[in-house]
1. In the chain, if the dipole is taken from +1 on Lys/Arg beta carbons and -1 on Asp/Glu beta carbons about the Cα centre, which of THR55, SER43, GLN93 is farthest to the positive end?
2. Using a 10 Å cut-off around each Cβ, can you sort LEU7, LEU102 from fewest to most neighbouring Cβ atoms?
3. Based on alpha-carbon centroids, what's the gap between segment 97-130 and segment 25-60 in Å, whole number please?
4. Dividing the Cα radius of gyration by the Kirkwood radius, what Rg/Rh value follows for the chain?
5. With n ≥ 4 as the cut-off for DSSP H runs, can you work out [θ] at 222 nm for the chain, using -39500 (n - 2.57) per run divided by the number of residues, rounded to the nearest 500?
6. Using the Cα centre as the reference, give the magnitude of the dipole from point charges on the C-beta atoms of the chain (Lys, Arg: +1; Asp, Glu: -1; all else neutral), rounded to the nearest 20 debye.
7. Do any trypsin sites (Lys or Arg not before Pro) in segment 9-69 lie in a DSSP loop with no more than 11 other beta carbon atoms within 10 Å, and if so, which?
8. Compute the long axis of helix 98-129 from its Cα atoms, compare it with the longest principal axis of the Cα atoms of the chain, and write down the angle in degrees, 0 to 90, nearest 10.
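Just so it is clear, none of the values below were taken in a lab; they were calculated from the coordinates. Nothing here was measured: the structure is a model prediction, and the numbers come from that model. Note that we place each Cβ from the backbone using ideal geometry, even for glycine, and neighbour counts take in every protein chain shown.
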Amino acid sequence: MINLEPLAVKAGAEMIGAQPKESENMINKALMVLAEQGITAFSLFLASRKRQQDTQAAEHIHRAVRNLLTSANLGELTAQLRVDDYKVLTHVQAGESDLSALQRLLLTKQLIETGLTYGRYQAKARAMEV
């Protein structure tokens, strides 16, 4: 059994870049997209950032989510932010029933949300320190 809480806390810390306020803004937006639209929309949101500050924040979030999902044995994402990697997380895997796939998908989404929530609070705390 894997304790997911410490993994989410670690991922939240990894999401924070050099600009905590920018990180907090990006995490808040990403969390909203994930909660309202799901994993694929979340990945599209991260991939569609164009401003340099937003791109850097999105890359930090992706890297933290990749490490989180790998540690939790819920999926493998590439180092580069690719929407197709996130789409695969939503598909039924080989040898997996539809019910198991749904349970894995819900757990994956909830774990990413938890990591983002911790990231938001950590970014807010770091921004207050500066």
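1. Among THR55, SER43, GLN93, the one farthest towards the positive end of the dipole of the chain is THR55.
2. So the residues, fewest neighbours to most, are LEU102, LEU7.
3. Going from one Cα centre to the other spans 13 Å.
4. Rounded to two decimals, Rg/Rh equals 0.97.
5. Dividing the helical sum by the residues of the chain leaves -25000 deg cm²/dmol.
6. Value, rounded to 20: 340 debye.
7. LYS50, ARG51
8. The two axes meet at around 10 degrees.
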